[in-house]
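I have placed the structure first, in the form of C-alpha cells, so that the comments after it can refer back to it.
The values are calculated or read from the model by the stated rules, or taken from the named source; none is laboratory data. What you see is a predicted model; the values in this text were computed from it and never measured. Positions of Cβ are generated from backbone atoms using ideal geometry, with glycine treated the same way; all protein chains shown enter the neighbour counts.
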Amino acid sequence: MIKGFGIFAFVLFLLLCTQIGSFGPGFAIWFLSLILIVSGTIASALFLLPPAFEQKSFLPIQCYGWVNPSAMIETIHGICDLIRKEGLLSLESVRGTVKDHWLQYSLGKFMEGFDSGSILPVLRNEGQKSTVLFAAAESYLDRVLITVPLYGLAGSLAHLMEFLGKSDSLSIAASFVPFFLSILLQVSLSLWFQRKLDFLSAQARNYHLVLEDGVAGLGEGISADMLKDRLKARITHA
C-alpha cells in the first residue's frame, strides 16, 4: 500500500516534468514547480521508509511528545511514600490509576515479588529500542531531504530543454524556479523536522532516565523525597 502511493507520486512527478516546459514566467511555473517537487519528495519519503516504521508510521517516536517526565517524578514520589508507609501490597490500590504502561508493568512485577534487578533490564531494553528508532528516523530524514534538490534540478532541466537555442531570457530564467523552490523547501523542512526530532529525542531520554532510576529507587527503598531530588537532578543534567 505504502509503495503503491510512492509509485503514484513518482508517476505524477514524471508527468509534471513533461509539462513544465510549456509554462513560461509567471505564477503557473511556481505553482507547477511546487507540485512537482512535493510529489517527488513524497515518492522518496514512501520508498525510503524504514521497515521499523511501515506498520505504525512514526507513532513509536511521536508518543514521546505526550509524556511528561516531571509528572512521572511526582507519581513515583507518591508511590515511594506509599510503599514506605504501607508496604508493597499497598500498590494494588494505586496501580490501576497509573497511566504509564511501563511504570504500571514495574509495579505489577514488584507486587509479584520481583526485585528491581529483574525489572530494569526490560526497561533498559525499551530505552535502547527508542535510541535505535531515533537513529533510524534521523538517517531517514537525511536521505529524504537530500533528494529534494534533485527533484528541483530535474524540473529545471526539463524546463530548460524547451528553451535551448532560443533568446527568451525570461523563460530561461524561469527554468531555475523549480531548483530555487526545492532548496527553499529543503531548508524549511530540515529546520522543522530537526527541531521536532530534537524535542522528541530529549523527551524520550528524560522519560527513560526517570523511569529506570525511579524503579531502581523504589527497589532500594530510599526515602520519597531523596528519590524525587535524585530524579529531578537527572533530567536537569540530561
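Listing for the model above:
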| item | result |
| --- | --- |
| Residue count, the range 62-109 (criterion: farther than 22 Å from residue 209 by Cβ, acidic (Asp, Glu) and touching a residue at least 12 places away in the same chain (Cβ under 8 Å)) | 1 |
| Conditions (1) touching a helix residue (DSSP H, G or I) at 6+ places or on another chain (Cβ under 7 Å); (2) loosely packed, with under 13 Cβ neighbours inside 10 Å; (3) not aromatic (Phe, Trp, Tyr): number failed by residue 138 | (2) |
| Given (1) among the aliphatic types (A, V, I, L, M); (2) under 22 Å from the mean Cα position of the chain (by Cα); (3) at pLDDT below 90, index of the condition residue 158 fails | (2) |
| Filtered residue count, the range 110-132, keeping only those that are without any contact (Cβ under 8 Å) to a residue 12 or more places away in the chain and closer than 18 Å to residue 221 by Cβ | 4 |
| Residue list for the range 111-121, restricted to those being in a helix (DSSP H, G or I) and surrounded by fewer than 16 Cβ atoms within 10 Å (Cβ to Cβ) | 111, 117, 118, 121 |
| Residues of the range 56-76 that turn out to be crowded, with 20+ Cβ neighbours inside 10 Å and out of contact with any Gly (no Cβ under 6 Å at 6 or more places or on another chain), as a count | 5 |
| Helices (runs of 4 or more DSSP H) wholly inside the range 1-107 that include at least 1 residues being modelled with pLDDT of 70 or more and within 20 Å of the chain's Cα centre (by Cα) | 27-47, 59-62, 69-86 |
| Whichever residue in the range 133-149 is in contact (Cβ under 8 Å) with a residue 60 or more places away in the chain and hydrophobic (A, V, I, L, M, F, W, C) and, among such residues, is nearest to residue 206 (Cα to Cα) | 134 |
| Check on residue 223, touching a residue at least 12 places away in the same chain (Cβ under 8 Å) and either among the aromatic types (Phe, Trp, Tyr) or farther than 18 Å from residue 61 by Cβ (or both) | yes |
| Qualifying residue in the range 175-194 (condition: within 16 Å of residue 70 (Cα to Cα) and part of a helix (DSSP H, G or I)) | no |
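One line per residue, one yes/no per condition, for (1) buried (at least 19 other Cβ atoms within 10 Å of the Cβ); (2) modelled with pLDDT under 85; (3) over 16 Å from residue 44 (Cα atoms); (4) aromatic (Phe, Trp, Tyr):
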residue	(1), (2), (3), (4)
146	no, no, no, no
151	yes, yes, no, yes
173	no, yes, yes, no
186	yes, no, no, no
191	no, no, yes, no
194	no, no, yes, no
211	yes, no, yes, no
216	no, no, yes, no
